[in-house]
1. Can you pull out the residues in the range 123-162 that are free of Cβ contacts under 8 Å to residues at least 40 places away in the same chain, closer than 23 Å to ILE31 by Cβ and part of a loop (DSSP other than H, G, I, E, B)?
2. Taking ASP63 as meeting all but one of (1) over 15 Å from the mean Cα position of the chain (by Cα); (2) at pLDDT below 95, write down the number of the exception.
3. Which residues, taken from the range 111-122, are in a helix (DSSP H, G or I) and β-branched (Val, Ile, Thr)?
4. Taking the range 101-110, which residues are in a strand (DSSP E or B) and in contact with a Lys or Arg (Cβ under 9 Å, 6 or more places away or on another chain)?
5. Filter the range 88-124 down to the residues that are hydrophobic (A, V, I, L, M, F, W, C) and closer than 21 Å to GLY70 by Cβ and list them by number.
6. Tell me which strands (runs of 3 or more DSSP E) are completely within the range 1-100 and hold 1 or more residues being open to solvent by 40 Å² or more (accessible area, probe 1.4 Å) and in contact (Cβ under 8 Å) with a residue 60 or more places away in the chain, or say none if there are none.
7. Based on what the data block shows, is VAL106 in contact with a Ser or Thr (Cβ under 6 Å, 6 or more places away or on another chain) and farther than 18 Å from PRO58 by Cβ?
Amino acid sequence: FGSVTTAAAEDGYRFWGYYTWTGQEWTFATIGAHEAVPEDGAVEGWRFAVSGNTPRMPRTDTDFDTICAGVPAEDGKKRVAVVIDYGTDEDSPTGTAPEATGTCVVADSNVTGLDLLRAVTDVRDEANMVCGVSNHPETGCGDPVPDIDVPLNEDPVELRITDPVGSSEWDPSTAPTPDPAADDTDD
């Protein structure tokens, strides 16, 4: 931790990548979000980054139980944890990336990964490619970036867990509460 090493420079793109959590690691999705139909208990990940030949995965390993804590199963519905990693300030066209979030989505069992993302936030897309999430970035879509230096490793980020979306049975009193001691710092 603390240092970031980079691979050799290459040409790349600034884009949103779509990933699935295996319970151990993130993998680049092999089916587009507009076609993928995740099952109950799945964790879907979105990561904005400047990347080339090597995908840049979401920088958290937060699991379904953490994101969907206290959200009960509902008949005919599925619960899917949606992770949105807006990337680093260096990757952002504006120089500032929003904080990463995790949201539990309760939806009909046949909704796609793209539908789940749209349940959480505004999505700008073109030809089945996600171009902007929560207006990040405001313009562009998979824009080329010459001579990039892709980090070989990145420090993990902590997700801000948001209230679930689509649940008619969620009780906020069952949500985990942050540990105030975790925020204490020595002055």
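1. Across the range 123-162, the qualifying residue is only ALA127.
2. (1)
3. Keep residues of the range 111-122 that are in a helix (DSSP H, G or I), which gives 113-120.
Once the filter is applied, which keeps residues that are in a helix (DSSP H, G or I) and β-branched (Val, Ile, Thr), the range 111-122 yields only VAL120.
4. Just the residues of the range 101-110 that are in a strand (DSSP E or B), to begin with: 101-108.
Across the range 101-110, the qualifying residues are THR101, GLY102, CYS104, VAL105, VAL106, ALA107, ASP108.
5. First, the residues of the range 88-124 that are hydrophobic (A, V, I, L, M, F, W, C): 97, 100, 104-107, 111, 114, 116-117, 119-120, 123.
Passing the criteria: ALA100, CYS104, VAL105, VAL106, ALA107, LEU116, ALA119, VAL120.
6. On the way: elements: 10-21, 26-28, 43-51, 77-85.
So the answer is 10-21, 77-85.
7. Values: in contact with a Ser or Thr (Cβ under 6 Å, 6 or more places away or on another chain): yes; farther than 18 Å from PRO58 by Cβ: yes.
Here the answer is yes, as VAL106 does meet what is asked.
The values are calculated or read from the model by the stated rules, or taken from the named source; none is laboratory data. Please read all numbers here as calculations on a predicted model, not as lab measurements. Cβ sites come from the backbone with ideal geometry, for glycine too, and all protein chains shown count toward neighbours. Only protein heavy atoms, including side chains, enter the accessible area calculation; ligands, DNA and RNA are left aside. Shrake-Rupley method; radii C 1.70, N 1.55, O 1.52, S 1.80 Å.
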